[in-house]
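Heads up, the thing below is written out as structure tokens.
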Amino acid sequence: MFHSMLDNDLYKFTMQNALLKLGYTAVPVEYKFKCRTKGINFAALLSKLNDKFNELYDLRFTKDDLDYLNSIRYLSSDYIGFLKHFRFDADYVKVKYDVVTNQLNLRIEGPWFHTILFEVPILAIISETYADLQHGNIDTARLNLRQGLEGMPEDFKFADFGTRRRHSSEWHEEVIDTLLYHVKKQFVGTSNLFLARKFNITPIGTMAHEWLQAHQQLKYKLVDSQKMALENWVRVYRGDLGIALTDTINTDAFLRDFEDPFLYKLFDGVREDSEPDPINFGHRIINFYRDHKIDSKTKTIVFSNGLDFQKAYKIHWELHNLINCSFGIGTKLANNWDFVPLNIVIKMISCNGQPVAKISNAPGKRMCESSEFESYLKSVYQVD
């Protein structure tokens, strides 16, 4: 379970650093939990979950934690200074069981700076608590992991994105240890800062959907919100962390905004997280760069949509000679046991007291509590 404030994903810290830099710390936001897996009895989990959530509120950043964060060049010293006094505040988290829908009604609401770090630990706690009750076989998990690594191409590059839906923190560490032993050349890092520090590997991450969602209700015109989210990222990171997320609305809307040479030249590449056909997406991005006189081999696509190794290998073989490919593998790496793991998310649903939306390329990944705002957003961005 959680013993460190660093047991979280890098992109939560990079966004928190950016919103501090831009003056958005006090902006009120709300997040909502969603379980995409049907038929889960959360009533049986609720007591254990509350006990484990309470453990988060005792955590503090240690001096070693802060020293490590300070070693990451693009995180500002002002930001590290704020984290010295940061605490998880229980007042921002509301949890109850809805007996009518048999769902866990979990919401996080408060100032953006003080709520942004909750998502990953809470999801991991839910995933681990559920997994613990399944009594899975670790030998099967080890076999699944080793079989996934078989036949890995020499030039294949991938990172661990498994924190949010892992089986357990202990298994997560064993996975990283196994990867470093068997495929160290191909394994480029982990999204998890605690494990990156422990194993002396590269922390991986840039932005999440909430970064672009929040801009829908900041001080910008809605039609400019996606472009301003990317421009603000550049204002803060000046070319670092240059992977743009493509599917907060959908790929078509993203590419229309990405037409600006300031963006397509400066960003190193893009991340795909909801495309039904990732290979077709890859060719679209390659053609986009070529149409704009950019050598696609100088750019990168990060694929991260529900991948296992076999799916990733297929994408790699199709595209790796045309563009740099990297892969973020999450659930199928950190929770590939002998039962079906939970498919769970926590997404921002409001900012500044107004609704925000994630539409994405896959209907099952949309998230919005206001049908009126979603319809308006779709009309503004010409989404069917």
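The values are calculated or read from the model by the stated rules, or taken from the named source; none is laboratory data. This one's a predicted model, so the numbers in the text were calculated from it and none came from an experiment. Reconstructed Cβ throughout: ideal geometry from the backbone, glycine too, with neighbour counts over all protein chains shown.
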Identify all residues within segment 80-112 that are part of a helix (DSSP H, G or I), buried (at least 19 other Cβ atoms within 10 Å of the Cβ) and either of a type in the set (Phe, Trp, Tyr) or not assigned by TED's automatic domain parsing to the domain that holds residue 40 (or both); write none if there are none.
-> 112
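From the set of residues in segment 358-377 that are touching a residue at least 60 places away in the same chain (Cβ under 8 Å) and closer than 19 Å to residue 275 by Cα, which is surrounded by the fewest Cβ atoms within 10 Å (Cβ to Cβ)?
Top of the filtered list is 364.
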Residue list for segment 256-287, restricted to those being of a type outside the set (Val, Ile, Thr), part of a helix (DSSP H, G or I) and closer than 18 Å to residue 312 by Cβ = 278, 280, 281, 282, 283
Residues 295, 308, 273, 291: which one is crowded, with 21+ Cβ neighbours inside 10 Å, among the acidic types (Asp, Glu) and either outside the structural domain of residue 119 (by TED's automatic domain parsing) or at pLDDT below 95 (or both)?
-> 273
Within segment 341-366, work out how many residues are small (Gly, Ala, Ser), closer than 14 Å to residue 248 by Cα and part of a loop (DSSP other than H, G, I, E, B).
-> 3
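Here is a yes/no grid of residues against (1) surrounded by 13 or more Cβ atoms within 10 Å (Cβ to Cβ); (2) more than 21 Å from residue 215 (Cβ to Cβ); (3) in the same structural domain as residue 349 (by TED's automatic domain parsing):
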site: 24; (1), (2), (3): yes, no, yes
site: 31; (1), (2), (3): yes, no, yes
site: 60; (1), (2), (3): yes, yes, yes
site: 71; (1), (2), (3): no, yes, yes
site: 78; (1), (2), (3): no, yes, yes
Of 129, 178, the only residue that is farther than 22 Å from residue 57 by Cβ, among the polar types (S, T, N, Q), part of a helix (DSSP H, G or I) and in contact with a helix residue (DSSP H, G or I) (Cβ under 8 Å, 6 or more places away or on another chain) is 178
Do we find a residue being in contact with a strand residue (DSSP E or B) (Cβ under 7 Å, 6 or more places away or on another chain), charged (D, E, K, R) and under 29 Å from residue 132 (Cα atoms) anywhere in segment 333-346?
-> no
